[in-house]
Amino acid sequence: MIHYDPKGLQAPDYEHPADRIALAAVKKIPLLDTMLGWVMDYHTKSGDYQLAALNDIRVTEHTYPRLYKLYQTALDRLNMEVEPKLFIKNEFSYNGYTTGVKEPYIVLNSFAVGEPTDEEFLYLVGHELGHVKSGHVLYSSMVNLIYSFIKSNTPIPPIITEGVSLSLLSWSRKSELTADRAGIIAAGGINGAEQFMMRFMGKSANNRYVDFSTDKITQQIESFDDMQGQLTNKAVYWLLVSMQTHPMAIERLREAQAWAKSSDYKLITERFDLK
Amino acid sequence: MKTITTEYFLHPGDEAAIQAIRKIPGFEKLLDYISKNSYEKVDLVQRTCCSLQLTENNAPKIIQMYARIGKAFGLEETPKVFLRRSYAMHNEVVGIHSPCILISSSVLASMNKEELETFLVADIAGFVAGHGTYAFIRRLISEFGGFLPVPREVLEIFLTAMNAWAKQRYYTYDRARMLYSDNYELVMRLIGFGEAPKEIMAKTDLDARIEQARSFSQMTGLQSSLKTASVLTKDKPWNAMRLAEMYNWVESGIYADIKEELQ
């Protein structure tokens, strides 16, 4: 159940500045408005939602009481205007997605909610809610649609299609940084985000040999920063990430930590009483 | 104990393949140069960005294990170690000049200290034996073979030959583990890791598995041909083959002689 407050937390309060700039660039793509109309229509009529509703388990106070309670916490902390339906899908990866334009819904993989702690779950579901709150879902649907379209046999010259792809994917990566910030807010701090991101980097249950405390990863983040200072390594990194929808884990971790320590985050938590 | 050098643990098939490469003048140096200035740079960036680096700070037990193993095999500086989220029950060593070890998260989750230390021997032994060169050639052919002006059939023959080498290296790993641990039952048990959950493997009778391996190694005629053909395109031998190899190596007395020489 949502308790939206018009004077409460809004997306621009925490959005990553690069996300805003990149999205503004995406909106300049010609014929975007026309295609947006098609996408909205497609999603309204598509069977995706029906598939989720039939195949996956919806999170309610009866099916997943613990997750349901945590979900309500995330909805409150993010001051959501809508309550997307939340589904759990039987899948063995740390992943989830948000889709649906007029009626957004979230699907999380069972593996992503089985092992992680409450804080990690709050971060994960908050991350997905962040996509909804910032209106990313429409544009990320566009990214998927356009990317599939231009990767198929089209008469459009590659120089244009690749240029459009790179632009859209660049925005997609920035939007993930915004969603990470939403996840931090939902989790009430950085810890859930850090530990969940460590899972992308190899953390798993029953590992007695590695200390996954995030203070021990500082040196690796510094190595990453040093690498970014060298042209060759920077070029390699760009080549590795340019066709990805998400930034690499270490970059996400660094951005999340930097923001959680910033005065912006402190102001948000104090202003909206989010501690 | 003396340093365990390659002459003691390299499987003859593995050694022959490596020597064949080394006989081509300058080829290994060329590959080292290409690897150092291309793939290894890319791999290091990728690992730093996507995988947790294991150091004395966050994984002292593992780093110390590698240090002990390195000392036993005459390696002064152990490669960088990264953790990778994987269900696979094997690690990877990537690179020739400055390799990285990628440890599978499943390996760390499944093994106790004794099992793990013996298991990790393969990573160091492989590097010392020069497997990085072969692995790099395989990688180049897999990724760029399609651009070469040779028929696909020729590439397939070449890849089959590379797979033949790739299978031999597991026999080398098993021998290296045996020399390091001197624990026959443990090494044979490690060969079975990944076949079934640990709780089930613990209940299996090792002697029965050895008997199965022996009957496998004694197959003749059509069965023998089928046995060879069944792994032609694979880069890993059947576990029964590995068990049979280790069994023969120990039972023949060769292992005992080497062990005595190393004292």
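Observations, loosely collected:
- Filtered residue count, the range B:24-54, keeping only those that are within 30 Å of B:Lys2 (Cβ to Cβ) and within 14 Å of another protein chain (Cβ to nearest Cβ): 1
- Subset of the range A:206-216 that is at pLDDT 85 or above and more than 7 Å from chain B (Cβ to nearest Cβ) - its residue that is least open to solvent (accessible area, probe 1.4 Å): A:Phe212
- Residue match in the range B:12-25 (condition: outside any helix (DSSP H, G or I) and of a type in the set (Gly, Ala, Ser)): no
- If you go through the range B:16-30 and pick out every residue that is within 16 Å of B:Tyr173 (Cα to Cα) and in contact (Cβ under 8 Å) with a residue 12 or more places away in the chain, you end up with 2.
- Residue among A:Asp56, A:Asp48, A:Asp41 that alone is within 19 Å of A:Asn109 (Cα to Cα), modelled with pLDDT under 80 and open to solvent by less than 100 Å² (accessible area, probe 1.4 Å): A:Asp48
- Scanning the range A:168-180 turns up no residue that is open to solvent by 10 Å² or more (accessible area, probe 1.4 Å) and either of a type in the set (Val, Ile, Thr) or over 15 Å from the mean Cα position of the chain (by Cα) (or both).
- Given (1) in contact (Cβ under 8 Å) with a residue 24 or more places away in the chain; (2) among the hydrophobic types (A, V, I, L, M, F, W, C); (3) open to solvent by less than 40 Å² (accessible area, probe 1.4 Å), index of the condition B:Met1 fails: (3)
- For A:Ala193, the test of being closer than 15 Å to A:Ala249 by Cα, within 16 Å of the chain's Cα centre (by Cα) and in contact (Cβ under 8 Å) with a residue 40 or more places away in the chain is passed.
- Candidate set: the range B:88-117, residues that are of a type in the set (A, V, I, L, M, F, W, C) and not in a strand (DSSP E or B); chosen: the one farthest from the other protein chains (Cβ to nearest Cβ): B:Ile96
- Against the numbered list (1) of a type in the set (Lys, Arg); (2) modelled with pLDDT of 80 or more; (3) over 21 Å from B:Val81 (Cβ atoms); (4) out of contact with any Asp or Glu (no Cβ under 7 Å at 6 or more places or on another chain), A:Arg199 comes up short only at (3).
- Scanning the range B:55-80 for residues that are more than 14 Å from every other protein chain (Cβ to nearest Cβ), open to solvent by less than 50 Å² (accessible area, probe 1.4 Å) and part of a helix (DSSP H, G or I) returns B:Ile69, B:Gly70, B:Ala72.
Residues checked against (1) more than 9 Å from every other protein chain (Cβ to nearest Cβ); (2) open to solvent by 60 Å² or more (accessible area, probe 1.4 Å); (3) within 29 Å of B:Asn112 (Cα to Cα):
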site	(1), (2), (3)
A:Glu194	yes, no, yes
A:Ser204	no, no, yes
A:Gln230	yes, yes, no
A:Leu240	no, no, no
A:His246	yes, yes, no
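- Qualifying positions in the range A:67-79 - touching a residue at least 24 places away in the same chain (Cβ under 8 Å) and not aliphatic (A, V, I, L, M): A:Tyr71, A:Gln72, A:Thr73, A:Asp76, A:Arg77, A:Asn79
- Within the range A:68-103, the set of residues being open to solvent by less than 60 Å² (accessible area, probe 1.4 Å), more than 15 Å from A:Glu120 (Cβ to Cβ) and aromatic (Phe, Trp, Tyr) comprises A:Tyr68, A:Phe87.
- Test: residue in the range B:143-163 that is within 14 Å of chain A (Cβ to nearest Cβ) and assigned to a helix (DSSP H, G or I): no
- Checking A:Val113 against (1) within 20 Å of A:Asp13 (Cβ to Cβ); (2) hydrophobic (A, V, I, L, M, F, W, C); (3) open to solvent by 10 Å² or more (accessible area, probe 1.4 Å), the condition it does not meet: (1)
- The set of residues from the range B:7-35 being within 21 Å of the chain's Cα centre (by Cα) and open to solvent by 50 Å² or more (accessible area, probe 1.4 Å) comprises B:Glu7, B:Pro12, B:Glu15, B:Ala16, B:Gln19, B:Ala20, B:Arg22, B:Glu28.
The values are calculated or read from the model by the stated rules, or taken from the named source; none is laboratory data. Keep in mind it's a predicted model, so treat the numbers as computed, not measured. Glycine also receives a Cβ, built like all others from the backbone with ideal geometry; neighbour counts cover every protein chain displayed. Areas reflect the complete protein model, heavy atoms only, side chains present, ligands, DNA and RNA absent. Shrake-Rupley method; radii C 1.70, N 1.55, O 1.52, S 1.80 Å.
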